[in-house]
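First the structure, in the form of structure tokens, and then the observations on it.
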Amino acid sequence: MNIILHDNKLHLRFAPLTLTRPVGDLRIGILTNAERWAIWIPEATISFQTEAYLSTKFPRTTAPDFIEVNAAVIPNEEIAAALVHLGKDQQLMLGEMWIARTGKATEIIQFIGQEPIVLNQRWDLYLLNDQVLVADFFLLTGGRESQPLSETNTVIGNDSLIFLEEGAQVEASVLNTTSGPIYIAKAAEIMEGSLVRGPFSLGEHAVLKMGAKIYGATTIGPYCKVGGEVSNSIFQAYSNKGHDGFLGNSLVGEWCNFGADSNTSNLKNNYSSVRSYSYETQSEMNTHQQFMGVCMGDHSKCGINTMFNTATVVGVSCNIYGGGFPTKFLPSFSWGGSDELVPYKLDKAIEAANQMMIRRGLRLTEGDLAIFEELEQK
């Protein structure tokens, strides 16, 4: 079976995170939808229907026999079962929204099972992270036994809701599962003195640094290093917030770095709903949300003591520093802060990205370079 995760014209809805990846490669809960479908249907080949400039890194299969799937739909057991039984030229619908389709999709079938979680807006990633993380926890751990938890830890709540994969380390920390489960992936580490309230996920080889304070629902993706205070936020992968400072109701891409004592505001002083930049309309829109921190695209960095206003949007490959609050929207390839923003030269941005990646034994790929070149021209 060839499953193609289709952006469904939502590429800009989830930007800046989707400026560098398809919708189906967004992390929410513990997994991405690509990873989720690979678990639900292990024999399937997963590919993407996305923007042309992303297709070098995220290609679509050329096989003639395929099923297109709405990448914004979080699959559950009944969705997966319905997909397996979908016939030729059929379209699976949930009301007026399509879930999956084959061929010419001329025959409409209404889905009547457990209604799936659907992502409609960028901020749904953290608003729905609680539900998706719990579902992912049981998907990954059902029928399996956790590695033993060290006796140096203090557990509040049900210790069966803590799962450690092979090589995971947790020492001298407080783990509270009364609000949700805690999942520690392979070779991940929670250092001593950390306070963690579920639901929480720590990805493979990720590190929660000493004395960290984590409020769920929070997801720290693979190879991230995080410290300080974090609440209801998602790190995609390979990003660092290694020091003190607050990050709340925020979305962080890959290869980002927060300087020491950087802070994000996630609530306006007058408690009103926040406005945030939309890549779809190229203007600020009322989100009708009261809590919203920063949304930071891949390869962006901020210097020490950086202060982000409520609902700030930072594009791809920005270098933000200096005193005061930067503007609430920082276009991709920006360099500077509240005093002045200038273009971040492409060759310098590529050099900086590679310098960070080399520390993890990686470099920008041909697909990454194509993405950089496209975004730098916009």
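Panel order for HIS205, HIS299, HIS288, HIS6, by other beta carbons found within 10 Å of each beta carbon, from fewest to most: HIS288, HIS205, HIS6, HIS299.
Near the amide H of GLN169, within less than 5 Å, lie the amide hydrogens of ALA188, GLU189, ILE190, all on another chain or at least 5 residues away, with H placed in the peptide plane. Please find the FRET efficiency linking GLN147 to ALA80, where r is the Cβ-Cβ separation and R0 is fixed at 41 Å, and quote it to the nearest 0.05. Approximately 0.90, to the nearest 0.05.
Computed about the Cα centre, the dipole magnitude for segment 58-142 is approximately 300 debye when only Lys and Arg (+1) and Asp and Glu (-1) carry charge, each at its Cβ.
Cross-link check: pairs LYS241/LYS378; LYS9/LYS186; LYS301/LYS378; LYS57/LYS186 evaluated at a Cα-Cα cut-off of 23 Å; pairs beyond the cut-off: LYS241/LYS378; LYS9/LYS186; LYS57/LYS186.
Remark on LEU267: its backbone amide H falls under 5 Å from those of MET292, a criterion applied only to residues 5 or more positions apart or on other chains, H modelled at 1.01 Å from N. Other residues lying with their Cβ under 13 Å from the Cβ of LEU119 contribute a combined charge of +1, Lys and Arg counting +1, Asp and Glu -1. FRET efficiency for the ASP89 to SER55 pair, using the beta carbon distance and R₀ = 22 Å, is estimated at 0.30. How many angstrom separate the Cα center of segment 343-378 from the Cα center of segment 54-112? Segment 343-378 and segment 54-112 have Cα centres separated by 34 Å.
Treating r as the C-beta distance of THR327 and SER179 and R0 as 41 Å, the FRET efficiency rounds to 0.70. For segment 96-174, a crude dipole built from +1 on the beta carbon of Lys and Arg and -1 on the beta carbon of Asp and Glu, taken about the Cα centre, is about 420 debye to the nearest 20.
Placing unit charges on each Cβ (+1 for Lys and Arg, -1 for Asp and Glu) gives the chain a dipole about its Cα centre, and among PRO22, ALA353, ALA172 the Cα reaching farthest toward its positive end belongs to ALA353.
Residues in segment 152-157 carry Karplus couplings, in order, of 6, 8, 10, 10, 10, x Hz; the curve used is 6.51 cos²θ - 1.76 cosθ + 1.60 with θ = phi - 60°, and Gly or Pro positions show x.
Judged by the ratio a/c of the largest to the smallest principal axis of the C-alpha gyration tensor, the chain counts as oblate, that ratio being 1.5 or greater while a/b is no larger than b/c.
The antiparallel fraction among DSSP beta bridges confined to the chain stands at about 25%. Please give me the summed charge of the neighbours of GLU374: other residues whose Cβ is under 14 Å from its Cβ, Lys and Arg +1, Asp and Glu -1. Local net charge: -3.
A cut-off of 5 Å between modelled amide H atoms, ignoring neighbours fewer than 5 places along the same chain, links LEU94 with ILE99, PHE111.
When you count the other C-beta atoms within 10 angstrom of each residue and take the mean per peptide, 108-115, 364-371, 175-182 line up highest first as 175-182, 364-371, 108-115. Going 7 Å from the Cα of ASN120 along its beta-carbon direction, which residues of segment 274-306 have the amide nitrogen within less than 14 Å of the resulting point? Within reach of a label on ASN120: 287-289. A simple spin-label model places the labels of ARG359 and TYR271 4.1 nm from each other, with each point 7 Å out along Cα-to-Cβ. For segment 124-129, putting each phi into the Karplus relation 6.51 cos²θ - 1.76 cosθ + 1.60 with θ = phi - 60° gives couplings of 4, 4, 8, 5, 9, 4 Hz, in residue order, rounded to whole numbers and with x for Gly and Pro.
With each run of n ≥ 4 DSSP H residues scored as -39500 (n - 2.57), what mean residue ellipticity at 222 nm is computed for the chain after dividing by its residue count and rounding to the nearest 500 deg cm²/dmol?
Values: 6 runs with 58 residues, N = 378.
The helix contribution divided over the chain gives -4500 deg cm²/dmol.
Net charge dipole, segment 124-377: roughly 460 debye, given to the nearest 20, about the Cα centre with Cβ charges of +1 for Lys and Arg and -1 for Asp and Glu. Taking other residues whose beta carbon is less than 14 angstrom from the beta carbon of ARG144, and scoring Lys, Arg as +1 and Asp, Glu as -1, yields -3.
Each value in this text was obtained by applying a stated rule to the coordinates, not by laboratory testing. Not measured: the values here are computed from a predicted model. Virtual Cβ from ideal backbone geometry, glycine too; neighbours counted across all protein chains shown.
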